[in-house]
Structures are given as structure tokens and as C-alpha cells.
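Worksheet: one structure, shown below.
The values are calculated or read from the model by the stated rules, or taken from the named source; none is laboratory data. In this text the structure is predicted, and so the values were computed from the model without any measurement. Positions of Cβ are generated from backbone atoms using ideal geometry, with glycine treated the same way; all protein chains shown enter the neighbour counts. With ligands, DNA and RNA removed, areas are computed over all heavy atoms of the protein, side chains included. Shrake-Rupley method; radii C 1.70, N 1.55, O 1.52, S 1.80 Å.
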Amino acid sequence: MESTSIASQDFCFYFRSFMDRRHFLRTANLAAISAAVSGCARKTSTVFNPALNQAALAPVNLPESACHIPPVRVAEDRVIRTVVGLRPYRPSGFRVEREQVGDTVVVHNYGHGGGGITLSWGTAKLATDLGLKGHTGPVAVLGCGVVGLTTARMVQDAGFSVTIYTKAMPPDTTSNIAGGQWYPATVYEDSDKVSASFTDQFLTAAKYAYERYQITTDPRYGVRWMRNYSISRTPIADRRTEGRPRIVSGLDSLLPERRLLRQEENPFRIGYASQYDGMIMEPPMLLNALITDFRIAGGKVLGRELKSPAEVQTLPEKLVFNCTGLGAKALFDDQELTPIRGQLTFLLPQPEVTYAAMFEDAYMFSRHDGILLGGTHEEGNWSLEVDQATVKAKLAKHAELFNSMKAC
């Protein structure tokens, strides 16, 4: 869920600067899983055929021209739900670091801001590279969101037995609230001030995750390619070729088919548009598939919330991956962690709408479970209550965009 923070401004600037910016266990039932931690808080041309026997990553409705893409029908009586989640944000960026806690090795992997799903496989790789070398015996993972699950799966793939300790599990994690578009947004505060070592970690994680998702071809993971449009009221300049921070320019190769739309092929009459092709990972499907894979591989999930490093040391596993997200603030006294509140409103699904759009402080992703409308960013706000005024404001902003659309 993007936002208006400096890091999100980097996201918008990035787009505007280069354009002005398998049939296996599909129905696995998770109801038998013992309720158990996510460290994050949550409350509660062409018609796309969503049949799950199609290749998950096959491009869907990626036309040569955008002229005839269908608009989203935005109306209050089409709203089916509104959800709120808290992104675990650290201005200096996510933390992947090894720490000795008594006789226990703890490898931290948390604080991904709005890039948790995007970066999950990548920071799982960084974390397991730090923790597994020379280790023998079972392993613990704290947290059952996307970062905890991808970390647990990588540990299993390396041949270790894994237990996840969690206070909440899908669908009750912040990861289930995420939009799921592939892009590491709202991960850090200032691109000009992040350290060189963090930049290296960030780019390595992004590139690994980008390629890992590309080979996640079983449809049950909910991963597919999707065209993204960025719309501006003012002309969009070509991206700069020089002077951009490496943490931003280093992502250029991960956004293919980038180009400005000519006005004669631009259906967004409210202004100017650019496009690129990216991936979307639908969280309800992705999280279900990951936890199913984890259980099939012999993993255990225990419902236990750990509240202090001393409790972590009591675990029988002496290698622990801390993937508690926002929960790490209290568990390991990370005072840099702060919530960034995000609110998403879903409209009835429109199978014919298979693209994403970003316009000013609003964005739309088309998913199987509905048309997602987002665009809120409230740093430091811990509230999980739905704000109806925000619902109305976002509906109005999206209506303004999509009502402007005309075939060209």
C-alpha cells in the first residue's frame, strides 16, 4: 500500500522520472490448523477468465494499446468491504541482522514497510544466509505473515525442521491486508540518506524476490503479470538517466515494458499516462498456498506469543528467525519501528478489469476478490478502525479518474 511518505514520493518520482515514473492442493482446507504469530496488527481485447487452470503468470490483457481497457465502475453501492492494516515501518529500512541472545542466535527479518510481500523471498534469502551456515538442529520462526512463511519455507528447503510460533495466522495477518503489487514502496524514508550497506541489501532482496516470484507458476499462489498505468494531470517527463540514487535506479531493470503513452492511445482523459508491466501477488491465495506448503513439508505451527527476549531463550530451538513485523517493537525494543496505517476499500469484482492504475494519492489493483482501492498513509497511527470519511474521499478520487476514461 503506497503512501505519501518521502519513500513513497520516491516511488511516485521513480515512475515519473522515467516516464515522469501446479493443480495441487488448490482447495486445501486450513480450517484444521490450530489457531495460532504474526507480529503485525490487522482488523477487520478481452474478458479475463479467472479459472485456476490457466497459467498463473501468463500475461492477462496486456494489449498493444490501452485505448479500449474498461473503466472501473466506482460507486458506494458497489463497496463490499473496507479493511485496515498497519505497515511495520523503519525510516532507515528493514532490519536483517544476526544477534546473539544468551545461548540463542536470533536473526531479525522485519520492518519492511509497504514492501513486505514484494521483498519477502529476498529478505528470507538474506536472513537464512546469515543464520543457517554451520547450524545443526531444529529452527524456530516467529511470525506467520508472508515474511515468516517465506523464511520458514527457505529453512525447510535447506533441510531443517521448523516450528512457527505465532499469535495470529492467515487470514488474520497484516500480510492479508496488503494490495500485493510487486514494488518495494514505503520501505525507507530518504533515498539520499540510506546507507550503502542497506542499499546493497535492498537491491539484492528485490532482485531475488522478483525472480523467485517469476517461477512461482502454480496458479494457487495467485501470482500473475499485470499492466500498470501511472496517470498525471501534467505532462510526464522521461526518466532521468543520471543523478538518481542507486537504491532507486537499481530497480530499473525490474520494470519491463516501460514507456510513455502517446495521447492518441491514452484512455485516461484526465491527464497523461505511462505504463510498465509488473507482477501482482494476491495475498489470500499466496498466504494460503505458503502455509499449506509449510505444513506438507512437516512444519508445525504453535499458537504462542513471545513477549521478551528472555522468553525467546526458553525455546528449544537455538536458531530463531524473528519475523514479527511491528511486534518487534515491543519484543526486541526496536524504538525505530512505527506503524503506517493503510485503509483499503474493495468494490465488487470486475473480471474484465485486469490492470492497475496509480493517480496522485490513489491506486487501484484488480484482483479475484474484488477491485482494490487504496492510497492512505498515516505514519504513527495505531488505529484499526475504518474511517468512513476516507472511504468517501477515495471513492471520489477513483470516480474522478475512471469517469474520465474514454476509448481513443
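Taking 0.36 nm per residue of separation and subtracting the Cα-Cα distance, full extension of the segment from Leu130 to Thr314 would add 64.1 nm.
With r as the distance between the Cβ atoms of Cys67 and Ser383 and R0 = 41 Å, compute the FRET efficiency 1/(1 + (r/R0)^6) and round to 0.05. Please list the in-between numbers first.
On the way: r = 42 Å, r/R0 = 1.02.
In this case the efficiency is close to 0.45.
Which pairs, out of Lys193/Lys329; Lys307/Lys392; Lys307/Lys394; Lys125/Lys329; Lys133/Lys307; Lys133/Lys300, put more than 31 Å between their alpha-carbon atoms? Checking Cα-Cα distances, Lys307/Lys392; Lys307/Lys394 exceed 31 Å.
A simple rule links phi to the HN-Hα coupling: the Karplus curve 6.51 cos²θ - 1.76 cosθ + 1.60 with θ = phi - 60°, which for segment 73-81 gives 8, 9, 7, 4, 7, 9, 6, 10, 5 Hz, with x for Gly and Pro. Given a 1.4 Å probe and the protein chains as shown, Arg224 ends up with an accessible area of around 10 Å². Whole-Hz Karplus values for segment 349-359 come out as x, 10, x, 6, 8, 10, 10, 10, 9, 10, 9 Hz, taken residue by residue from phi with 6.51 cos²θ - 1.76 cosθ + 1.60 and θ = phi - 60°; glycine and proline positions read x.
Can you give the extra length, in nm with one decimal, that the chain gains between Ala75 and Ala393 once fully stretched, where that is 0.36 nm per residue apart less the Cα-Cα distance? Please list the in-between numbers first.
Details: separation 318, 0.36 × 318 = 114.48 nm, distance 1.19 nm.
The span from Ala75 to Ala393 would gain 113.3 nm if fully extended.
Database remark: amide H of Glu378 closer than 5 angstrom to the amide H of Arg341 (H placed geometrically; neighbours at sequence offset of 5 or more, or on other chains; Pro and chain starts carry no H). Relative to the current alpha-carbon distance between Cys408 and Asp369, full extension at 0.36 nm per residue lengthens the span by 11.1 nm.
The separation of segment 251-280 from segment 349-408, counted between C-alpha centres, amounts to 18 Å. Per residue, segment 256-408 exposes 37 Å² of solvent-accessible protein surface, assessed with a 1.4 angstrom probe and all protein chains in place. Computed from backbone phi, the HN-Hα couplings of segment 379-391 come to 5, x, 8, 8, 5, 10, 7, 5, 9, 5, 5, 5, 4 Hz, rounded to whole numbers (Karplus: 6.51 cos²θ - 1.76 cosθ + 1.60, θ = phi - 60°; Gly and Pro given as x).
Taking Cβ atoms as reference points and 14 Å as the exclusive limit, the residues near Ala75 contribute a net charge of +2, counting Lys and Arg as +1 and Asp and Glu as -1. Once the gyration tensor of the Cα atoms in segment 280-324 is diagonalised, the equivalent ellipsoid follows with semi-axes of 26, 13, 9 Å, ordered largest first.
Taken over segment 309-374, the convex hull of the Cα atoms encloses 154 Å³ per residue. Cys323 sits with roughly 10 Å² accessible to a 1.4 Å probe, with DNA, RNA and ligands left out of the calculation.
Could you check how much of the accessible area of segment 243-387 is carbon and sulfur, as a whole percent, using a 1.4 Å probe? It is 51 percent, rounded to a whole number.
Computing the accessible area with a 1.4 Å probe over protein heavy atoms, can you report the carbon and sulfur percentage for segment 93-193? Provide the component values of the computation, followed by the final result.
Numbers: 1310 of 2900 Å².
The value for segment 93-193 is 45 percent carbon and sulfur by accessible area.
Rolling a 1.4 Å probe across the protein heavy atoms gives segment 162-212 an accessible surface of 34 Å² per residue.
Ranking Thr314, Leu384, Ala396 by Cα position along the charge dipole of segment 275-408, where only Lys, Arg, Asp and Glu carry charges on their C-beta atoms, puts Thr314 farthest toward the positive end.
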